[in-house]
Amino acid sequence: MTRHSISGSVSPRFLLIACSAPAVAFFAAFWLLPAVMLIALPAREGWKTYFATFTDVLYLQSLLQTVGLSLLVTLATLLIGAIMGIAMARSRFTGRGLLLSLLTLPLSFPGVIIGFFIILVGGRQGVVADISTALGMERITFAYGFWGLFLGYLYFSLPRAIASYTAAAEAMDAHLEEAARSLGARGWAVARDVWWPQLMPTTMACSAIVFATAIGAFGTAFTLSSKFEVLPISIYNEFTNYANFALAASLSISLGLITWLVLWLARRCAGPNASGV
(Lines give C-alpha, C1' and ligand atoms only; values in the text may rest on other atoms or scores of the structure.)
Protein backbone atom coordinates (compact mmCIF):
# COMPACT_ATOMS: atom_id res chain seq x y z
CA MET A 1 0.00 0.00 0.00
CA THR A 2 1.45 3.39 -0.99
CA ARG A 3 1.83 6.36 1.31
CA HIS A 4 -0.87 8.20 -0.65
CA SER A 5 -3.36 5.41 -0.16
CA ILE A 6 -2.62 5.17 3.56
CA SER A 7 -3.07 8.90 4.13
CA GLY A 8 -6.20 8.86 2.04
CA SER A 9 -7.75 6.10 4.12
CA VAL A 10 -7.28 8.05 7.39
CA SER A 11 -10.01 10.57 8.01
CA PRO A 12 -9.16 14.12 9.11
CA ARG A 13 -11.33 13.62 12.20
CA PHE A 14 -9.25 10.62 13.27
CA LEU A 15 -6.03 12.59 12.78
CA LEU A 16 -7.41 15.44 14.86
CA ILE A 17 -8.37 13.07 17.69
CA ALA A 18 -5.00 11.34 17.56
CA CYS A 19 -3.10 14.61 17.69
CA SER A 20 -5.19 16.10 20.49
CA ALA A 21 -5.22 12.93 22.63
CA PRO A 22 -1.92 13.70 24.46
CA ALA A 23 -3.08 17.23 25.29
CA VAL A 24 -6.44 15.95 26.51
CA ALA A 25 -4.77 13.26 28.63
CA PHE A 26 -2.38 15.80 30.15
CA PHE A 27 -5.25 18.20 30.88
CA ALA A 28 -7.33 15.45 32.49
CA ALA A 29 -4.47 14.05 34.59
CA PHE A 30 -2.89 17.26 35.83
CA TRP A 31 -5.79 19.73 35.96
CA LEU A 32 -9.23 18.14 35.72
CA LEU A 33 -8.59 15.22 38.09
CA PRO A 34 -6.89 17.32 40.81
CA ALA A 35 -9.61 19.97 40.52
CA VAL A 36 -12.36 17.38 40.95
CA MET A 37 -10.57 15.85 43.93
CA LEU A 38 -10.08 19.31 45.46
CA ILE A 39 -13.78 20.08 45.16
CA ALA A 40 -14.80 16.68 46.54
CA LEU A 41 -12.42 16.61 49.52
CA PRO A 42 -14.38 18.89 51.92
CA ALA A 43 -17.48 16.71 51.53
CA ARG A 44 -15.74 13.95 53.51
CA GLU A 45 -15.96 16.13 56.64
CA GLY A 46 -19.48 17.32 55.93
CA TRP A 47 -20.94 20.06 53.78
CA LYS A 48 -20.26 22.68 56.44
CA THR A 49 -16.57 22.33 55.69
CA TYR A 50 -17.10 24.13 52.38
CA PHE A 51 -18.06 27.26 54.32
CA ALA A 52 -15.30 27.05 56.95
CA THR A 53 -13.58 30.11 55.52
CA PHE A 54 -16.61 32.24 56.36
CA THR A 55 -17.88 30.52 59.52
CA ASP A 56 -14.62 30.09 61.44
CA VAL A 57 -13.38 33.37 62.93
CA LEU A 58 -9.71 32.44 62.50
CA TYR A 59 -9.98 31.68 58.78
CA LEU A 60 -12.36 34.56 58.12
CA GLN A 61 -9.83 36.92 59.67
CA SER A 62 -7.09 35.39 57.53
CA LEU A 63 -9.25 35.85 54.42
CA LEU A 64 -10.11 39.47 55.22
CA GLN A 65 -6.47 40.25 55.93
CA THR A 66 -5.47 38.66 52.63
CA VAL A 67 -8.08 40.52 50.59
CA GLY A 68 -7.42 43.83 52.35
CA LEU A 69 -3.68 43.57 51.86
CA SER A 70 -4.11 42.59 48.20
CA LEU A 71 -6.43 45.54 47.55
CA LEU A 72 -4.03 48.03 49.15
CA VAL A 73 -1.10 46.59 47.21
CA THR A 74 -3.12 46.80 43.99
CA LEU A 75 -4.11 50.44 44.55
CA ALA A 76 -0.56 51.49 45.47
CA THR A 77 0.87 49.57 42.52
CA LEU A 78 -1.52 51.18 40.05
CA LEU A 79 -0.89 54.68 41.39
CA ILE A 80 2.91 54.44 41.45
CA GLY A 81 3.08 52.37 38.27
CA ALA A 82 0.90 54.81 36.32
CA ILE A 83 2.93 57.84 37.40
CA MET A 84 6.26 56.20 36.64
CA GLY A 85 5.03 54.56 33.43
CA ILE A 86 3.67 57.80 31.98
CA ALA A 87 6.83 59.67 33.03
CA MET A 88 9.05 57.03 31.41
CA ALA A 89 6.98 57.07 28.21
CA ARG A 90 7.21 60.85 27.88
CA SER A 91 10.89 61.20 28.79
CA ARG A 92 13.90 60.58 26.60
CA PHE A 93 17.26 60.64 28.34
CA THR A 94 20.57 58.79 28.40
CA GLY A 95 20.27 55.52 30.27
CA ARG A 96 16.49 55.26 29.90
CA GLY A 97 16.71 51.67 28.66
CA LEU A 98 19.00 50.72 31.54
CA LEU A 99 16.63 52.32 34.05
CA LEU A 100 13.67 50.40 32.62
CA SER A 101 15.68 47.18 32.86
CA LEU A 102 16.53 47.89 36.50
CA LEU A 103 12.90 48.73 37.32
CA THR A 104 11.74 45.39 35.91
CA LEU A 105 14.57 43.41 37.52
CA PRO A 106 12.45 42.21 40.50
CA LEU A 107 10.44 40.06 38.06
CA SER A 108 13.42 37.70 37.95
CA PHE A 109 13.42 37.16 41.74
CA PRO A 110 11.31 34.49 43.45
CA GLY A 111 9.15 35.50 46.39
CA VAL A 112 11.54 34.04 48.98
CA ILE A 113 14.38 36.28 47.82
CA ILE A 114 12.13 39.34 47.89
CA GLY A 115 11.16 38.41 51.43
CA PHE A 116 14.86 38.15 52.29
CA PHE A 117 15.42 41.64 50.85
CA ILE A 118 12.71 43.02 53.15
CA ILE A 119 14.30 41.27 56.14
CA LEU A 120 17.69 42.78 55.26
CA VAL A 121 16.08 46.22 55.44
CA GLY A 122 13.43 45.90 58.15
CA GLY A 123 14.25 42.67 59.98
CA ARG A 124 15.69 42.16 63.45
CA GLN A 125 19.20 42.43 62.06
CA GLY A 126 18.23 44.82 59.26
CA VAL A 127 19.48 48.26 58.32
CA VAL A 128 16.58 50.12 59.92
CA ALA A 129 17.01 48.26 63.21
CA ASP A 130 20.74 49.02 63.28
CA ILE A 131 20.20 52.71 62.52
CA SER A 132 17.47 53.09 65.16
CA THR A 133 19.71 51.41 67.75
CA ALA A 134 22.67 53.60 66.82
CA LEU A 135 20.47 56.68 67.34
CA GLY A 136 19.59 55.51 70.84
CA MET A 137 16.04 54.56 69.93
CA GLU A 138 14.17 51.31 70.39
CA ARG A 139 15.10 48.71 67.78
CA ILE A 140 12.63 49.19 64.89
CA THR A 141 11.50 46.19 62.85
CA PHE A 142 8.66 45.98 60.35
CA ALA A 143 9.53 43.01 58.14
CA TYR A 144 7.44 40.35 59.85
CA GLY A 145 3.98 41.90 59.77
CA PHE A 146 1.63 43.87 57.56
CA TRP A 147 4.15 46.45 56.37
CA GLY A 148 6.75 43.86 55.50
CA LEU A 149 4.25 41.96 53.36
CA PHE A 150 2.94 45.17 51.83
CA LEU A 151 6.41 46.33 50.78
CA GLY A 152 7.36 42.85 49.55
CA TYR A 153 4.22 42.52 47.41
CA LEU A 154 4.61 46.08 46.15
CA TYR A 155 8.24 45.47 45.23
CA PHE A 156 7.23 42.39 43.25
CA SER A 157 4.19 43.97 41.56
CA LEU A 158 5.54 47.37 40.52
CA PRO A 159 7.66 46.14 37.56
CA ARG A 160 4.57 44.70 35.84
CA ALA A 161 2.64 47.92 36.31
CA ILE A 162 5.50 50.15 35.18
CA ALA A 163 6.12 48.08 32.05
CA SER A 164 2.40 47.93 31.21
CA TYR A 165 1.77 51.65 31.72
CA THR A 166 4.94 52.62 29.84
CA ALA A 167 3.82 50.62 26.81
CA ALA A 168 0.25 51.93 27.06
CA ALA A 169 1.37 55.56 27.45
CA GLU A 170 3.67 55.28 24.44
CA ALA A 171 0.72 53.99 22.38
CA MET A 172 -1.63 56.84 23.35
CA ASP A 173 -2.86 59.09 20.56
CA ALA A 174 -1.00 62.39 20.96
CA HIS A 175 -3.48 64.18 18.68
CA LEU A 176 -6.26 63.74 21.24
CA GLU A 177 -4.23 65.48 23.92
CA GLU A 178 -3.27 68.27 21.52
CA ALA A 179 -6.92 68.75 20.59
CA ALA A 180 -7.97 68.84 24.25
CA ARG A 181 -5.31 71.41 25.13
CA SER A 182 -6.25 73.55 22.13
CA LEU A 183 -9.79 73.63 23.53
CA GLY A 184 -8.53 74.91 26.86
CA ALA A 185 -8.18 71.67 28.83
CA ARG A 186 -5.37 71.69 31.38
CA GLY A 187 -3.87 69.42 34.03
CA TRP A 188 -6.42 67.11 35.61
CA ALA A 189 -8.92 67.72 32.80
CA VAL A 190 -6.48 66.25 30.28
CA ALA A 191 -5.74 63.32 32.55
CA ARG A 192 -9.43 62.67 33.13
CA ASP A 193 -10.75 63.13 29.60
CA VAL A 194 -7.79 61.98 27.47
CA TRP A 195 -5.39 59.81 29.44
CA TRP A 196 -7.84 57.87 31.58
CA PRO A 197 -10.05 56.47 28.76
CA GLN A 198 -6.98 55.27 26.85
CA LEU A 199 -5.35 53.77 29.93
CA MET A 200 -8.51 52.12 31.27
CA PRO A 201 -7.95 48.69 29.61
CA THR A 202 -4.37 48.61 30.91
CA THR A 203 -5.54 49.65 34.37
CA MET A 204 -8.15 46.90 34.57
CA ALA A 205 -5.82 44.22 33.22
CA CYS A 206 -2.96 45.29 35.46
CA SER A 207 -5.15 45.52 38.56
CA ALA A 208 -6.48 42.02 38.00
CA ILE A 209 -3.00 40.55 37.55
CA VAL A 210 -1.57 42.37 40.57
CA PHE A 211 -4.50 41.42 42.80
CA ALA A 212 -4.43 37.76 41.70
CA THR A 213 -0.67 37.61 42.26
CA ALA A 214 -0.88 39.24 45.68
CA ILE A 215 -3.79 37.22 47.00
CA GLY A 216 -2.13 33.93 46.07
CA ALA A 217 1.50 34.84 46.87
CA PHE A 218 3.23 32.24 49.01
CA GLY A 219 7.02 32.60 48.90
CA THR A 220 7.09 36.16 50.23
CA ALA A 221 4.30 35.43 52.71
CA PHE A 222 6.06 32.30 53.96
CA THR A 223 9.17 34.39 54.66
CA LEU A 224 7.49 37.40 56.29
CA SER A 225 4.07 36.52 57.72
CA SER A 226 4.96 35.44 61.26
CA LYS A 227 2.83 38.29 62.71
CA PHE A 228 0.25 38.70 59.95
CA GLU A 229 -1.19 35.46 58.60
CA VAL A 230 -2.66 35.36 55.11
CA LEU A 231 -4.81 32.65 53.57
CA PRO A 232 -2.08 30.89 51.53
CA ILE A 233 -0.16 30.35 54.78
CA SER A 234 -3.33 29.05 56.48
CA ILE A 235 -3.76 26.56 53.64
CA TYR A 236 -0.12 25.49 53.92
CA ASN A 237 -0.43 24.98 57.69
CA GLU A 238 -3.58 22.90 57.36
CA PHE A 239 -2.28 20.34 54.88
CA THR A 240 1.39 20.35 55.94
CA ASN A 241 1.40 20.76 59.72
CA TYR A 242 -2.03 19.34 60.59
CA ALA A 243 -2.74 16.99 57.64
CA ASN A 244 -6.26 18.45 57.47
CA PHE A 245 -6.71 18.02 53.73
CA ALA A 246 -10.46 18.64 53.71
CA LEU A 247 -10.12 22.03 55.38
CA ALA A 248 -7.13 22.94 53.24
CA ALA A 249 -9.18 22.11 50.16
CA SER A 250 -12.06 24.27 51.40
CA LEU A 251 -9.76 27.24 51.99
CA SER A 252 -8.21 26.70 48.56
CA ILE A 253 -11.63 26.70 46.90
CA SER A 254 -12.54 29.98 48.60
CA LEU A 255 -9.27 31.58 47.56
CA GLY A 256 -9.63 30.32 44.00
CA LEU A 257 -13.22 31.55 43.66
CA ILE A 258 -12.34 35.04 44.90
CA THR A 259 -9.42 35.26 42.48
CA TRP A 260 -11.53 33.98 39.58
CA LEU A 261 -14.29 36.48 40.39
CA VAL A 262 -11.85 39.39 40.36
CA LEU A 263 -10.35 38.27 37.04
CA TRP A 264 -13.82 37.84 35.53
CA LEU A 265 -14.96 41.29 36.68
CA ALA A 266 -11.78 42.88 35.33
CA ARG A 267 -12.29 41.17 31.98
CA ARG A 268 -15.87 42.37 31.79
CA CYS A 269 -14.97 45.95 32.75
CA ALA A 270 -11.93 46.14 30.48
CA GLY A 271 -13.84 45.02 27.41
CA PRO A 272 -12.84 42.74 24.52
CA ASN A 273 -9.80 44.80 23.55
CA ALA A 274 -8.00 44.38 26.85
CA SER A 275 -5.07 42.05 27.02
CA GLY A 276 -3.33 40.37 29.91
CA VAL A 277 -6.46 39.39 31.90
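Observations
- Calculated mean residue ellipticity, 222 nm, the chain: -22000 deg cm²/dmol, from DSSP H runs (n ≥ 4) at -39500 (n - 2.57) each, averaged per residue and rounded to 500.
- Cα centroids of the stretch 93-153 and the stretch 211-274: 23 Å apart.
- Amide N of the stretch 214-237 lying under 15 Å from the label point, which is placed 7 angstrom from the Cα of residue 61 along Cα→Cβ: 226-231, 234
- Ordering 127, 147, 88 by Cα displacement along the dipole of the stretch 1-153 toward the positive end leaves 88 in first place; charges were set at the Cβ atoms of Lys, Arg (+1) and Asp, Glu (-1).
- Once the Cβ-Cβ distance of residue 192 and residue 30 is raised to the sixth power relative to R0 = 51 Å, the FRET efficiency obtained is 0.65.
- Placing unit charges on each Cβ (+1 for Lys and Arg, -1 for Asp and Glu) gives the stretch 1-124 a dipole about its Cα centre, and among 59, 23, 42 the Cα reaching farthest toward its positive end belongs to 23.
- Enclosing the Cα atoms of the stretch 145-204 in their convex hull gives a volume equal to 89 cubic angstrom per residue.
- With 0.36 nm allotted per residue and the present C-alpha distance subtracted, the residue 178-residue 132 stretch has 11.5 nm of extension available.
- Qualifying trypsin sites (Lys or Arg not before Pro) in the stretch 134-213, where qualification requires a DSSP coil assignment and no more than 10 other C-beta atoms within 10 Å, comprise 186.
- Ordered from largest to smallest accessible area (heavy atoms of protein chains, 1.4 Å probe), the residues 233, 253 come out as 253, 233.
- Selection of trypsin sites (Lys or Arg not before Pro), the stretch 71-119, meeting DSSP coil and at most 15 other Cβ within 10 Å: 92
- Hydrophobic long helices, here whole DSSP H runs in the chain with Kyte-Doolittle means of at least 1.0 and Cα atoms spread over 24 Å or more along the helix axis, are found at 57-90, 196-215, 245-270.
- Taken about its Cα centre, the chain carries a charge dipole of roughly 460 debye when the Cβ of each Lys and Arg holds +1 and the Cβ of each Asp and Glu holds -1.
- In the chain, excluding the sites themselves, the longest stretch lacking any of the chymotrypsin sites (Phe, Trp or Tyr not before Pro) that are in a DSSP loop with at most 12 other Cβ atoms within 10 Å is 94-241.
- Solvent exposure of the stretch 29-116, expressed per residue, is 63 Å² of accessible area, with all protein chains present and a 1.4 angstrom probe.
- Entry comment: accessible area of the stretch 149-222 is 46 Å² per residue, from protein heavy atoms only and a probe of 1.4 Å.
- FRET efficiency, 1/(1 + (r/R0)^6) with R0 22 Å, evaluated for residue 241 and residue 113 via beta carbons: 0.35
The values are calculated or read from the model by the stated rules, or taken from the named source; none is laboratory data. Because the structure is predicted, anything quoted here is derived from the model rather than measured. All Cβ positions, glycine included, derive from the backbone under ideal geometry; neighbour counts span all protein chains shown. Side chains included, ligands, DNA and RNA excluded: accessible areas come from the protein's heavy atoms. Shrake-Rupley method; radii C 1.70, N 1.55, O 1.52, S 1.80 Å.
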